[in-house]
Amino acid sequence: MHPFKHFLTITRHRHLVMRNCFKCGLYWQGLTHDLSKYGFTEFWLGAKYYLGTKSPHHLERQEKGYSEAWMHHKGRNKHHAEYWVDINLKSLQYEPVDMPDKYIAESICDRIAASKNYNWKNFEPHMALDYYHKEKTKLPLHPNTDRKFEFLLKLYAEKGEKALFEELRKMK
C-alpha cells in the first residue's frame, strides 16, 4: 500500500494536465481533470497497486484479470477513447463514436502529461506519439478520432508545444 506516493503521482499528473489544458484554453477541463482518481474506488486501488513507473491498472489487471479502477475511471472521464463506445443502431454492435474535439484536446494534454510523469528526466516529445502507436491497436477508436490523434501527436513530436497548443486552441 502506497497511498502517499500514489497521491503525489496522481496530483503531479493532474497539475501537468492542468497546465497543458490552460495553455490551449480548456480551463474547466483542466480544473476538473481526473478528479475521480481521488474517489474511494480509484484511489485505494491505485494505492494498493502503485508501481511508480506506470499506471497501477497494469498490476491490478495482472492480479485480478481486469482493473476495477480503470473501468470506473474510463466510464467517468470523457477524455478517454474508451468512454466513446456505444451501440450502433444499424449493426447493433458496440462501436467507437467520434470523440468531440474538446475531449480529444484534453486527451492529448493527458497523454503528454502521462509521458512526462512516468519518464520524468528522460522525457522527449516523441514519447507521447510512440506510446500512442504502441497502444492504439487496443483502443476502440473512430477513424476520425484516430486521424486527429495522429496529426496532433505528430505535430507535437515534430514542432513542439507551441505549435501543438496553437492547434488545440483552434479545436475547442
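With respect to the numbered conditions (1) assigned to a helix (DSSP H, G or I); (2) farther than 17 Å from R76 by Cα; (3) open to solvent by 20 Å² or more (accessible area, probe 1.4 Å), which one is the sole condition not fulfilled by Y50?
For Y50, the failing item is (1).
Anything in region 38-77 that is farther than 19 Å from S107 by Cβ and of a type in the set (K, R)? List them, or say none.
Here is the first cut: in region 38-77, the ones farther than 19 Å from S107 by Cβ are 38-41, 43-53, 56, 58-66, 68.
Correct list: K48, R61, K64.
Residue under question is F165, and the condition is that it be assigned to a helix (DSSP H, G or I) and touching a Lys or Arg at 6+ places or on another chain (Cβ under 6 Å); does it hold?
Working: assigned to a helix (DSSP H, G or I): yes; touching a Lys or Arg at 6+ places or on another chain (Cβ under 6 Å): yes.
When the stated conditions are applied, F165 passes them.
Which of the following residues is out of contact with any strand residue (DSSP E or B) (no Cβ under 6 Å at 6 or more places or on another chain), open to solvent by 60 Å² or more (accessible area, probe 1.4 Å) and either part of a helix (DSSP H, G or I) or at pLDDT 95 or above (or both): F22, F43?
Details: F43 fails: open to solvent by 60 Å² or more (accessible area, probe 1.4 Å).
So the residue among F22, F43 that is out of contact with any strand residue (DSSP E or B) (no Cβ under 6 Å at 6 or more places or on another chain), open to solvent by 60 Å² or more (accessible area, probe 1.4 Å) and either part of a helix (DSSP H, G or I) or at pLDDT 95 or above (or both) is F22.
Would you check if there is a residue in region 121-134 being assigned to a loop (DSSP other than H, G, I, E, B) and either under 14 Å from the mean Cα position of the chain (by Cα) or at pLDDT 95 or above (or both)? Break it down stepwise before answering.
Applying the first criterion (assigned to a loop (DSSP other than H, G, I, E, B)) to region 121-134 yields 123-125.
Next cut, either under 14 Å from the mean Cα position of the chain (by Cα) or at pLDDT 95 or above (or both) only: none.
Checked against the condition, which is being assigned to a loop (DSSP other than H, G, I, E, B) and either under 14 Å from the mean Cα position of the chain (by Cα) or at pLDDT 95 or above (or both), region 121-134 yields no hits at all.
Name the residues in region 62-112 that are among the basic types (K, R) and either out of contact with any Lys or Arg (no Cβ under 7 Å at 6 or more places or on another chain) or open to solvent by less than 50 Å² (accessible area, probe 1.4 Å) (or both), would you? Write out each step before concluding.
So the first thing to find is which residues in region 62-112 are among the basic types (K, R), and the list is 64, 74, 76, 78, 90, 102, 111.
Hits for region 62-112 are K64, K74, R76, K78, K90, R111.
The values are calculated or read from the model by the stated rules, or taken from the named source; none is laboratory data. Everything quoted here is computed from the prediction, not taken from an experiment. Positions of Cβ are generated from backbone atoms using ideal geometry, with glycine treated the same way; all protein chains shown enter the neighbour counts. Quick note on the areas: whole protein, heavy atoms, side chains included, nothing else; ligands and nucleic acids left out. Shrake-Rupley method; radii C 1.70, N 1.55, O 1.52, S 1.80 Å.
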